[in-house]
1. Full extension from Thr33 to Val320: what is 0.36 nm times the residue separation minus their Cα-Cα distance, to one decimal in nm?
2. Once fully extended, how much extra length lies between Arg77 and Arg133, figured as 0.36 nm per residue of separation less the alpha-carbon to alpha-carbon distance?
3. Towards the positive end of the charge dipole of the range 81-221, with charges on Cβ (+1 Lys, Arg; -1 Asp, Glu), say which of Gly212, Gly142, Pro193 has the farthest Cα.
4. Apply the Karplus parameterisation 6.51 cos²θ - 1.76 cosθ + 1.60, with θ equal to phi minus 60°, to every residue of the range 297-307 and state each ³J(HN,Hα) to the nearest whole Hz, in sequence, with x for glycine and proline.
5. Can you give the Rg/Rh ratio of the range 184-330, where Rg is from the C-alpha atoms and Rh is the Kirkwood radius?
6. Can you compute the FRET efficiency between Ser258 and Arg107 using 1/(1 + (r/R0)^6), with r the Cβ-Cβ distance and R0 = 45 Å? Round to the nearest 0.05.
7. Can you show me the helix-derived [θ] at 222 nm for the chain, built from DSSP H runs with n ≥ 4 at -39,500 (n - 2.57) apiece and divided by the number of residues, rounded to the nearest 500.
8. Using a 7 Å offset from the Cα along the Cα-to-Cβ direction at both Glu181 and Gln25, what is the distance between the two label points in nm, to one decimal?
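Just so it is clear, none of the values below were taken in a lab; they were calculated from the coordinates. Quick caveat: nothing in here was measured; it's all calculated off a predicted structure. All Cβ positions, glycine included, derive from the backbone under ideal geometry; neighbour counts span all protein chains shown.
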Amino acid sequence: MPRKDTSSAPNVTAADAEYMRRALQLARCGRLTAAPNPMVGAVVVADGRIIGEGYHIRPGEGHAEVNALASVSEADRALLPRSTMYVSLEPCAHYGRTPPCAELLVRSRIRRVVVGCIDPFAKVSGRGVAILREAGIDVTVGVLEDECLRLNRRFITFHSKRRPYILLKWARSADGFIDRERTGGTAARLSTPATQAEVHRLRSETEAILVGRRTWQLDSPRLDVRRWFGRAPLRCVLGRSTDIALPDDVLRADTIDSLLRELHARGVQSLLVEGGRHTLQSFIDLGLWDEAREEVAALRLGSGVPAPRMPRPADREETVWGVTVRQWEQ
Ligand SMILES: [Zn+2]
């Protein structure tokens with residue numbers, strides 16, 4: 001994780017936190033469109049008044065800082081030398097598809113910049129802030145830092161751990177089985193229309209989805225998005241066997257390690273692991289997970305394939321329409 005900069009913490013006021021909260025609200029507007037870029041929001045404040053706001057909408061278009069500055073009216077531009085910009089993520093320092101925001105801020109003659117968190121992206125990390133400070137801009141780092149990091153935890157995990165953000169998901173019976181023991185036939189039905197919709201929503205927000213070879217062979221799952229709207233994730237199958245025919249658009253990997261490396265190389269920032277038990281337990285045992293979700297159905301199976309075991313009790317638990325959902329977060 002990026003280091004915490006507390007050197008400028010004494011400068012932080014209650015108003016700083018309020019404006020950063022507004023920047024976070026704006027950032028979230030990019031939730032469905034900003035990827036693979038991070039969600040970022042920015043607010044320009046002069047004399048206690050917001051004179052500009054913006055967020056990053058989609059890759060290739062203006063960053064939050066560019067959009068916030070562009071929204072400042074002609075009449076208010078004279079206020080920039082005594083204004084503060086609040087931005088949820090460190091301004092960029094590199095030439096990508098757009099010029100660096102750190103240089104734009106220097107040119108805008110803005111007086112102070114308040115940054116939520118440092119960008120872990122190797123080409124940026126700390127350099128955006130350094131450019132601002134070298135130009136004499138007063139920079140404060142780390143306002144609502146935890147919330148700013150949390151907002152982009154998929155992006156940050158991808159860049160700092162060099163692997164996708166991993167979500168594990170399974171459903172189990174009330175007595176602890178994810179399925180009957182079987183060699184064919186259909187899987188035990190543990191989901192409800194409500195949990196299915198939730199799973200399809202999860203899929204629509206995830207870039208890749210994985211099952212083990214055995215689950216693929218037994219269930220030929222479609223692993224698509226039908227009960228929600230949005231894009232279907234890249235389908236992946238884990239297993240050494242090459243004796244199964246896979247459609248061309250399915251990625252097969254021999255090991256978890258090679259799968260994660262391939263997904264990272266392809267720029268895939270999130271992976272949903274949906275089964276089966278052996279695959280899920282392997283990820284848990286390797287500590288390779290960021291979030292886990294277990295649905296506990298009211299149904300009892302009596303016997304069958306035991307559910308995966310997490311190393312500790314769930315962080316959250318809620319019961320909706322007879323299904324208890326347990327969630328873990330690293
Ligand atoms: Zn930028």
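1. Roughly 100.4 nm would be gained on extension.
2. Contour length minus Cα-Cα distance gives 18.0 nm.
3. Gly212
4. With the stated coefficients, the range 297-307 comes to 7, 6, 4, 10, 9, x, 7, x, 8, x, 5 Hz.
5. Working: Rg = 15.3 Å, Rh = 16.3 Å.
Answer for the range 184-330: 0.94.
6. 0.50
7. Here the helix-only value at 222 nm equals -8000 deg cm²/dmol.
8. Label at Glu181, label at Gln25, 5.8 nm between them.
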